[in-house]
């Protein structure tokens, strides 16, 4: 009986340790996707920026506009990188990762866009809904919300 209890505890410990290792690997992959967004913006590459998105991703722009699909995300970002935002950079910091299921996560990201042009400086809170398929995490939905300063 003691042997059975010991083996059961060891099996539970092994499963728990394996799940924690997978969780750590998944968190790292989610953070890598956010880093790729930042790299794409800062190198002015629409293709790099769009790479972590699912083919049919939903994207709500900071001004409330809506775009659909990785190809549109890529082309529209390349257009703004080549024009209005060509002198801007962003920094993205993951604030929270919450797994809704082993293959679905919500990632909250603090964003800051900087620019020599004061009007283009902006802080934002970004919500990513990410899904895992075929061992790869992609952004299924992206919501970008401007953080406004309180009135004085």
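The numbers here are math on the coordinates, done by the rules we state, and not lab data. It should be emphasised that the depicted structure is a prediction, and the values quoted were computed from it without experimental measurement. All Cβ positions, even for glycine, are placed from backbone atoms using ideal geometry, and neighbour counts span all protein chains on display.
At q = 0.18, 0.20 Å⁻¹, what log₁₀ I(q)/I(0) does a Debye calculation on the Cα points of the stretch 2-147 give, no solvent, two decimals?
-1.02, -1.22
Working out 0.36 nm times the residue gap between residue 127 and residue 24, then minus their Cα-Cα distance, what length gain in nm do you get to one decimal?
Values: separation 103, 0.36 × 103 = 37.08 nm, distance 2.01 nm.
In short, 35.1 nm is gained.
Using a 10 Å cut-off around each Cβ, can you sort 76, 28 from fewest to most neighbouring Cβ atoms?
On the way: 76 17, 28 10.
Arranged by neighbour count, lowest to highest, 76, 28 become 28, 76.
Starting from the Cα of residue 114, step 7 Å toward the Cβ, then list every residue of the stretch 90-104 with an amide N under 16 Å from that point.
Residues passing the 16 Å test: 90-93.
Ranked by Cβ crowding within 10 angstrom, fewest neighbours first, how are 32, 123 ordered?
Working: 32 11, 123 14.
So the ranking, lowest neighbour count to highest, is 32, 123.
Only counting other Cβ atoms within 10 Å, I'd like 27, 133 sorted with the fewest neighbours first. Write down the numbers at each step before the final one.
Values: 27 16, 133 10.
Lowest count first: 133, 27.
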